[in-house]
1. Which of the residues that make up region 366-396 are of a type in the set (A, V, I, L, M) and modelled with pLDDT of 90 or more?
2. Scan region 220-267 for residues that are in a strand (DSSP E or B), touching a residue at least 40 places away in the same chain (Cβ under 8 Å) and open to solvent by 10 Å² or more (accessible area, probe 1.4 Å) and jot them down.
3. Sort out which residues of region 347-363 are open to solvent by 40 Å² or more (accessible area, probe 1.4 Å) and either among the hydrophobic types (A, V, I, L, M, F, W, C) or on the phi > 0 side of the Ramachandran plot (or both), and write them in order of number.
4. Among the residues in region 81-97, are any in contact with a Pro (Cβ under 9 Å, 6 or more places away or on another chain), at pLDDT 85 or above and surrounded by fewer than 20 Cβ atoms within 10 Å (Cβ to Cβ)?
5. So which residues in region 385-417 are free of Cβ contacts under 8 Å to residues at least 12 places away in the same chain, over 12 Å from LEU447 (Cα atoms) and not acidic (Asp, Glu), if there are any at all?
6. If I filter region 157-178 down to residues being without any contact (Cβ under 8 Å) to a residue 60 or more places away in the chain and closer than 13 Å to GLY328 by Cβ, which single residue comes out as surrounded by the fewest Cβ atoms within 10 Å (Cβ to Cβ)?
7. Quick test for you: out of GLU154, GLU149, GLU181, pick the one residue that is acidic (Asp, Glu), in a helix (DSSP H, G or I) and open to solvent by 40 Å² or more (accessible area, probe 1.4 Å).
8. Of the numbered conditions (1) part of a helix (DSSP H, G or I); (2) in contact (Cβ under 8 Å) with a residue 24 or more places away in the chain; (3) open to solvent by 20 Å² or more (accessible area, probe 1.4 Å), LEU203 fails exactly one; give the number of that condition.
Amino acid sequence: MHSIQENKTAPLLSIDNLSVEFISGDTVQRAVNNISFTINKGETLALVGESGSGKSVTAHSILRLLPYPLARHPSGAIIYQGQDLLSATPHYLRQVRGDRIAMIFQEPMSSLNPLHTIEKQINEILMLHKGMNAKQASVRTLELLSLVEIKNPEQRMSSYPHELSGGQRQRVMIAMALANEPELLIADEPTTALDVTVQHTILELLKDLQVRLGMSILLISHDLNLVRRVAHRVCVMRNGEIVEQAACEQIFTAPEHPYTQELLGAEPSGQPVPHSPSDILLETQDLRVWFPIKKGLLQRTVDHVKAVDGISFKLQRGQTLGVVGESGSGKSTLGLAILRLIRSTGGILYAGEAIQGLSQKQVRPLRRDIQVVFQDPFGSLSPRMSVSDIIGEGLGIHQMGDAAQQEQAIIDVLKEVGLDPDTRHRYPHEFSGGQRQRISIARALVLKPKLIILDEPTSALDRTVQRQVVELLRDLQLKYNLTYVFISHDLAVVKALSHQLLVMRQGKVVEQGAAADIFTAPQHDYTQQLLAAAFINSPAQL
């Protein structure tokens, strides 16, 4: 980490006694309460804290991106180069946004326009703020995509957001934010959707640009390993207030506030649930998912994207199979193939029965036994349905009990995942990210399944909530002898849950076996690289 020179000039940004309130009818909720901090030129300041602590609200206030008039600033000032942004004119804000102050948002899929290509979206920023023509902007866009190490950038320029993986979309967001070489970069969970090796690359990129451009960074993250590697100072937030503020190393080596100490001790830990040899519940045999590449007027197939290329494994009942690898390695595609949600070739056996050749009608009765929890709970929960309707939908489809029995099942499963059953008539937007993920788990669990595919279920959650979800999954596995396929780039979480491990790269398995053996003595160079990037088994790990 580069050192900071003593700053004798005014800070680049100063937040003074900022408060933010949200108004809903007659109810006023204070999300941020009288916080103050400064960001100096060339400095990285990290805001850390649990989901709902006010981190993102603070960041969005800087560029006045809150949902006004439902949000208001009852007090405070945000001074940027002598100008209070809270009272700035719309014209001045347009000059600042995306040019002098840029932002990387947490959810790239909802931040990118689904109707425009990647090239058009980045070009627009360059043409608006830099006055480039279309040709100049396209050249610069190609440079930016190469800078954030997107593979085949020339081809990706013509892609739409839905054609990219989560990690690739996040890289595009970073490229857009860096397009105009801003003075201040607000990074709201910039590496949440990225695997550890890409995280390392992006962090090095941001640090290099910071030194070269003298850029300041406001980093919002729940990943404390990441914060320790890049931040100069840290502000710890809880319930809208800053409870501790100090130099980064002091926060990590001598935290003073009990809440800071709790955060630092929240790394997912422990061992997978005890397991005795059992029968094979799930097996794949040379499983392949190849997507055709078509070209020409007649759209002939000229090649294939081999997303999953010949994967075989056996998973015993009551075990957890951890699936790890870089973004685009085929992890999620493997999960979708097992669920029979995309076309594949090869063998899939569930409880000894071949399900690969079954029609969707024949597969339907198995849906009760095989459930899934997706990465983005907000995207997978219907905003128009109450929690009770969301969880109860499967009960109705599979005709499990009468109305009273279904209602009782919903109440019981909400208690089981640690949610108040009285909240079952609320809607998803009324819950935090961690609570929404618990709702997703409850939806899967209410059908009493035997196998659950978990696709990055903790990636968007802060560490304290991650630990709670990991403990919940372990408890449920022990209680119901559940079998998990746990897909994740977070190796600390995988280590805490998995009995078996599958390491994927470019659609192929490079290493597989007992998780404990691989974490202790990885054989393949790529596995060693993954573990080193995540600080697994390293003294640097928090």
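1. Result: LEU366, ILE370, VAL372, VAL373, MET385, VAL387, ILE390, ILE391, LEU395.
2. The answer is ARG233, ARG238, GLU241, ILE242, GLN245.
3. Selection gives ALA351, GLY352, ALA354.
4. no
5. If the condition is that a residue be free of Cβ contacts under 8 Å to residues at least 12 places away in the same chain, over 12 Å from LEU447 (Cα atoms) and not acidic (Asp, Glu), then ALA403, ALA404, GLN405, GLN408, LYS415 are the ones that fit.
6. This residue is GLU163.
7. Answer to the selection: GLU154.
8. Going through the list (1) part of a helix (DSSP H, G or I); (2) in contact (Cβ under 8 Å) with a residue 24 or more places away in the chain; (3) open to solvent by 20 Å² or more (accessible area, probe 1.4 Å), LEU203 breaks only (3).
The values are calculated or read from the model by the stated rules, or taken from the named source; none is laboratory data. Everything quoted here is computed from the prediction, not taken from an experiment. Counting neighbours? That spans all protein chains shown, and the Cβs are built from the backbone with ideal geometry, glycine included. In case anyone asks, the SASA skips ligands and DNA or RNA and just uses the protein heavy atoms, side chains included. Shrake-Rupley method; radii C 1.70, N 1.55, O 1.52, S 1.80 Å.
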